[in-house]
Amino acid sequence: MVSEAMKDLSTFVRYEDFILLESAAKDYERCAIRKRSRLGDYSLLIRLLFFTGARISEVVGSNQRVFTQCLYPGFRKRKGNCPKWALNRDDRICIESDCKYLKAYVQKRHHGIRVKDIVFKDRIIAVYGKNVKADELKARTVIVDQETLDVLKGHIEKHSLRQNDKVINLNENGAKVLINTLRDMVDMPWLTAHKFRHGHAIYCIQHGMDIRTLQQQLGHSDLGTTAVYLQFAISDRMKSYDKVFTKRADTLKVQCPSCGFGFRLCHNNELHLEDRLQSIFTNNRPG
């Protein structure tokens, strides 16, 4: 099932948006860097979000959280639609304590990208998914471009980071606050962290990446979720369609090298009848 976030693809971070946001992040961190942040963290975060397609929690990590799901039939796990849920302060709670449809699980606390998670030789980075329910953390890998790897290497060397150190010293809340700040700086009211993920997927589709490779890059368990992005490969689809349905010309225009007479050549390599008659008329005309 495609999530609500996936359905809203009306806005996403384009490459030119990324350039603008990366520049704004560099300007902002020169004058308003946060207490625990390092110089270069902000612009590196923007680059990793766009060029890896990873979720913001996968880049900077997330704390341990308890999630609840309502499996009441017909409500698609949306707690607000179930009649057994009521508003309590800023959250919704189930009014039936032993409801058989209420499911809860603990998302494990996981770190973000560490130095040892980067394999420079193979251009891959290990990131950790959003639904970590197992006792041990399980990683997936994303491919990254060489320019981003060079920025990462320079950042690690500049701050003398060790193998277990986080590459970006921000937590998830701090990273989202930064995104909101940059959103106001560049006047992009629609900007959220997830729009970078959409932008990465659409950029990959538009530049020829196949759907299976993109599925692995984004970490989707269902190929149908990734297939939503195929709607943005319009030009490639038109070319493939035209190869099948565009009518080919019945004849080929050629010119005689001796007399200069132009005529049409059919697929069976015979002259077009009208041109043959015209040629005979021209050659037999008194003159």
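May I ask you to list the residues in the stretch 231-243 that are hydrophobic (A, V, I, L, M, F, W, C) and surrounded by 14 or more Cβ atoms within 10 Å (Cβ to Cβ)?
The initial filter retains those residues of the stretch 231-243 that are hydrophobic (A, V, I, L, M, F, W, C), namely 232-234, 238.
Residues satisfying the conditions are PHE232, ALA233.
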*asked:* Being β-branched (Val, Ile, Thr) and open to solvent by 10 Å² or more (accessible area, probe 1.4 Å) is the filter here; which residues of the stretch 176-214 pass it?
replied: VAL177, THR181, VAL186, THR192, ILE211, THR213
*Would a scan of the stretch 188-206 turn up a residue that is over 23 Å from LEU44 (Cβ atoms), under 20 Å from the mean Cα position of the chain (by Cα) and without any contact (Cβ under 8 Å) to a residue 24 or more places away in the chain?*
yes
*asked:* Can you tell me which of (1) at pLDDT below 65; (2) not hydroxyl-bearing (Ser, Thr, Tyr); (3) not in a loop (DSSP other than H, G, I, E, B) is the one ALA134 doesn't meet?
replied: (3)
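Only one of PHE50, PHE67 is modelled with pLDDT of 95 or more and either hydrophobic (A, V, I, L, M, F, W, C) or open to solvent by 50 Å² or more (accessible area, probe 1.4 Å) (or both). Can you tell me which? Give the derivation first.
Details: PHE67 fails: modelled with pLDDT of 95 or more.
Only one candidate qualifies: PHE50.
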*Being among the hydrophobic types (A, V, I, L, M, F, W, C) and either in contact with a strand residue (DSSP E or B) (Cβ under 8 Å, 6 or more places away or on another chain) or under 24 Å from ASP41 (Cβ atoms) (or both), is that true of even one residue in the stretch 219-233?*
no
*Pairs, please: C-beta under 6 Å, at least 6 apart or cross-chain, first residue surrounded by fewer than 14 Cβ atoms within 10 Å (Cβ to Cβ) and in the stretch 215-229, second at pLDDT 90 or above?*
LEU223/GLN215
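The values are calculated or read from the model by the stated rules, or taken from the named source; none is laboratory data. Here the structure is a predicted model, which means the values were calculated and not measured. Cβ sites come from the backbone with ideal geometry, for glycine too, and all protein chains shown count toward neighbours. Just so you know, the surface numbers come from the protein's heavy atoms only, side chains and all, with ligands and any DNA or RNA stripped out. Shrake-Rupley method; radii C 1.70, N 1.55, O 1.52, S 1.80 Å.
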